[in-house]
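Student: Handing you a structure now.
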Amino acid sequence: MLTDTLPRATASRALTGRVALVTGSTSGIGLGIARALAAGGAAVVLNGFGRPEDVAEAEAAIAADFGVPVSFSPADMSDPAAIEAMIEGTLDRYGRLDILVNNAGIQHVAPVTEFPPAKWDQILAINLSSAFHTIRHAVPAMRAGGFGRIVNIASAHGLVASPYKSAYVAAKHGVIGLTKAVALEVAEEPITCNAVCPGYVATPLVEKQIDQQAAAHGISRERVVREVLLAQQPNKRFASVEEIGALVMFLAGEAASSITGAALAVDGGWTAH
Ligand code: NAD
């Protein structure tokens, strides 16, 4: 029979026994990634903000759909002490941490001369410094466990810029630099560190941007989508969270052992310009 030639361990449960922590996973891309890793068999720790009933629903859905342990940390990614406690809590609960996905992120759109300094500090803290703090606490645990996969969700804006997004672009370029530095430091160990650089993905963060840009340019939401957001994206469609989750799932597996220090674009050709 044809099926006799297939590998016994199916790729779909390849992460059984692994523990994954995904920051900013109460919605959007992070939730999609958490679900993809859970589908792969990993226990998942969710993190982020949200109404308790919505978080509980997301946890219960993952546990029911994929039969893996699920827990939640409400740690604020702008608070280094809370980040340390989140990693310690993960290790206390599961005894290991194999996969770290730094995904939490926020956006603010304004000309640099009008950019609120407090917003700059907040974006740098959540979008960049949080990854430094999670990584510095996670790498010793990955060393102890003999396996590690760090995936930083950067952006096409980690590779190229757009106006009015100075803090976001600076933070995302920084994430790619951090990714390369960490990858080199752990290169001889069974730990990899990569960045994923999505173009536009259909999520609540993008929904907010459509409204902000419509107000900034004085045009309709439809024109923002077509002429502003997807102006640089040659394939003219939003990526799905499932597409991003599938790439992270691949990076988390054994087949990606030699991929490290990379910034992988999932941007419909945007950065090919
Ligand atoms: P989202 O707004 O849907 O989700 C953001 C998540 O981060 C939520 O779970 C939220 O609770 C969490 N979060 C925000 N501030 C936090 C904090 N201080 N502490 C802990 N959690 C916090 O956004 P998204 O579109 O899913 O974006 C996720 C990541 O992907 C971000 O880093 C974003 O920059 C990046 N990204 C998104 C797109 C896109 O088109 N949506 C494109 C490129 C990159």
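The values are calculated or read from the model by the stated rules, or taken from the named source; none is laboratory data. Just so you know, these numbers come straight off a predicted model, no measurement behind them. Note: ideal-geometry Cβ built from the backbone for every residue, glycine included; neighbour counts use all protein chains shown. SASA here: full protein model, heavy atoms, side chains in, ligands and nucleic acids out. Shrake-Rupley method; radii C 1.70, N 1.55, O 1.52, S 1.80 Å.
Student: Within the range 177-197, is even one residue more than 13 Å from the chain's Cα centre (by Cα), within 14 Å of the ligand (Cβ to nearest atom) and buried (at least 20 other Cβ atoms within 10 Å of the Cβ)?
Tutor: There is at least one residue in the range 177-197 that is more than 13 Å from the chain's Cα centre (by Cα), within 14 Å of the ligand (Cβ to nearest atom) and buried (at least 20 other Cβ atoms within 10 Å of the Cβ).
Student: Still on this structure, please answer the following. Given HIS157, HIS173, which one is at pLDDT 95 or above and either in contact with a Phe, Trp or Tyr (Cβ under 7 Å, 6 or more places away or on another chain) or hydroxyl-bearing (Ser, Thr, Tyr) (or both)?
Tutor: None of the others qualify; the one that does is HIS157.
Student: Of the conditions (1) within 18 Å of ASN102 (Cα to Cα); (2) over 18 Å from the mean Cα position of the chain (by Cα), ASP211 fails just one. Which one is it?
Tutor: Going through the list (1) within 18 Å of ASN102 (Cα to Cα); (2) over 18 Å from the mean Cα position of the chain (by Cα), ASP211 breaks only (1).
Student: Of the residues LYS208, LYS236, only one is part of a helix (DSSP H, G or I) and of a type in the set (D, E, K, R); which?
Tutor: The conditions single out LYS208.
Student: Quick check on my filter: what residues within the range 13-63 are more than 19 Å from VAL151 (Cβ to Cβ), within 13 Å of the ligand (Cβ to nearest atom) and small (Gly, Ala, Ser)?
Tutor: Once the filter is applied, which keeps residues that are more than 19 Å from VAL151 (Cβ to Cβ), within 13 Å of the ligand (Cβ to nearest atom) and small (Gly, Ala, Ser), the range 13-63 yields GLY50, ALA58.
Student: Regarding ALA167, is this residue more than 12 Å from the ligand (Cβ to nearest atom) and either touching a strand residue (DSSP E or B) at 6+ places or on another chain (Cβ under 6 Å) or not hydroxyl-bearing (Ser, Thr, Tyr) (or both)?
Tutor: Answer is no for this residue.
Student: Which count do you get for residues in the range 217-233 that are within 14 Å of the ligand (Cβ to nearest atom) and part of a loop (DSSP other than H, G, I, E, B)?
Tutor: 2
Student: Specify which of the listed residues (THR260, THR271) is polar (S, T, N, Q), assigned to a loop (DSSP other than H, G, I, E, B) and modelled with pLDDT of 95 or more.
Tutor: Answer to the check: THR260.
Student: Also, quick follow-up: Looking for something open to solvent by 40 Å² or more (accessible area, probe 1.4 Å), in contact (Cβ under 8 Å) with a residue 40 or more places away in the chain, touching a Lys or Arg at 6+ places or on another chain (Cβ under 8 Å) and within 16 Å of ILE87 (Cβ to Cβ) - is there at least one such residue anywhere in the range 133-143?
Tutor: no
Student: Looking at the range 64-89, which of its residues are away from the ligand (no atom under 16 Å from the Cβ) and open to solvent by 40 Å² or more (accessible area, probe 1.4 Å)?
Tutor: The answer is ALA64, ASP65, PHE66, GLY67, PRO69, GLU88.
Student: Name the pairs: first residue in the range 48-77 and assigned by TED's automatic domain parsing to the domain that holds THR16 and over 15 Å from THR90 (Cβ atoms), second residue of a type outside the set (S, T, N, Q) and not in a helix (DSSP H, G or I), Cβ to Cβ under 6 Å, at least 6 apart or on different chains?
Tutor: VAL55/PHE72; ILE62/VAL70; ALA63/VAL70
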